[in-house]
Amino acid sequence: MKIAIFPGSFDPFTIGHYSVVTRALSFVDEVVIAIGVNDAKKTLFPLDKRIEIINKTFANEPRIKVKSYDSLTVDFAKEINATIILRGIRSIADFEYEKTVADANRRLSGIDTILLFTEPQHSFISSTVVRDILRYDKDVKCFLPPNVSLDDLKI
């Protein structure tokens with residue numbers, strides 16, 4: 001069984017992340033969206049809210065699971081028997097950085113990393129951009145995955 005892990009804080013889960021996860025289902029049996037828990041990292045949404053948003057997004061896809069973790073990504077990947085680490089790429093600069101990380105992960109754990117570009121129209125959209133748009137009360141629907149509304153983002 002091929003299991004892919006998609007690590008990140010997902011604050012909030014964006015359509016760019018959605019496209020990476022859904023495309024991965026074409027070549028793996030299961031995707032685990034792994035939400036890193038890091039007390040030092042400031043997030044807009046608490047862990048339970050992030051999990052709720054992701055579960056709602058993929059309510060009709062049983063091959064997607066959401067789990068939180070507080071270890072290194074490669075350690076957690078081994079723990080859940082992941083065979084692939086997924087990473088979303090927004091730009092060529094992201095690609096260079098992520099390729100370096102992927103090479104290190106492969107050397108440390110033997111687990112391959114697959115780098116997938118986010119959909120072109122969302123190539124420069126990140127959680128930070130969505131957070132800023134929300135802060136200024138702008139319409140962010142075009143940045144959110146299907147099934148997620150602005151009301152879902154209210155805390």
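The values are calculated or read from the model by the stated rules, or taken from the named source; none is laboratory data. Computed from a predicted model, the values in this text were never measured in an experiment. We place every Cβ from the backbone using ideal geometry, glycine too, and count neighbours over all the protein chains shown.
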Kindly establish whether Thr57 is under 18 Å from Pro145 (Cβ atoms), among the polar types (S, T, N, Q) and crowded, with 21+ Cβ neighbours inside 10 Å. yes
Condition first: in contact (Cβ under 8 Å) with a residue 60 or more places away in the chain, part of a helix (DSSP H, G or I), surrounded by 21 or more Cβ atoms within 10 Å (Cβ to Cβ) and within 15 Å of the chain's Cα centre (by Cα). Can you find one or more residues in region 27-49 that meet it? no
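Yes or no, residue by residue, for (1) small (Gly, Ala, Ser); (2) at pLDDT below 90; (3) closer than 23 Å to Phe27 by Cβ; (4) part of a helix (DSSP H, G or I):
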site: Asn105; (1), (2), (3), (4): no, yes, yes, yes
site: Ile125; (1), (2), (3), (4): no, yes, no, no
site: Asp132; (1), (2), (3), (4): no, yes, no, yes
site: Cys142; (1), (2), (3), (4): no, yes, no, yes
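Do we find that Ile85 is out of contact with any Gly (no Cβ under 9 Å at 6 or more places or on another chain) and surrounded by 14 or more Cβ atoms within 10 Å (Cβ to Cβ) in this structure? It would help to see each step written out before you state the result.
Numbers: out of contact with any Gly (no Cβ under 9 Å at 6 or more places or on another chain): yes; surrounded by 14 or more Cβ atoms within 10 Å (Cβ to Cβ): yes.
It is true that Ile85 is out of contact with any Gly (no Cβ under 9 Å at 6 or more places or on another chain) and surrounded by 14 or more Cβ atoms within 10 Å (Cβ to Cβ).
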Those residues of region 70-82 which are without any contact (Cβ under 8 Å) to a residue 60 or more places away in the chain, within 16 Å of the chain's Cα centre (by Cα) and surrounded by 14 or more Cβ atoms within 10 Å (Cβ to Cβ) amount to Leu72, Val74
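Does Asn60 meet the test of being at pLDDT 85 or above, among the polar types (S, T, N, Q) and assigned to a helix (DSSP H, G or I)?
On the way: at pLDDT 85 or above: yes; among the polar types (S, T, N, Q): yes; assigned to a helix (DSSP H, G or I): no.
For Asn60, the condition - at pLDDT 85 or above, among the polar types (S, T, N, Q) and assigned to a helix (DSSP H, G or I) - is not met.
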The residue that is surrounded by the most Cβ atoms within 10 Å (Cβ to Cβ), considering only those in region 132-147 that are more than 13 Å from Gly16 (Cβ to Cβ) and in contact (Cβ under 8 Å) with a residue 40 or more places away in the chain, is Leu134
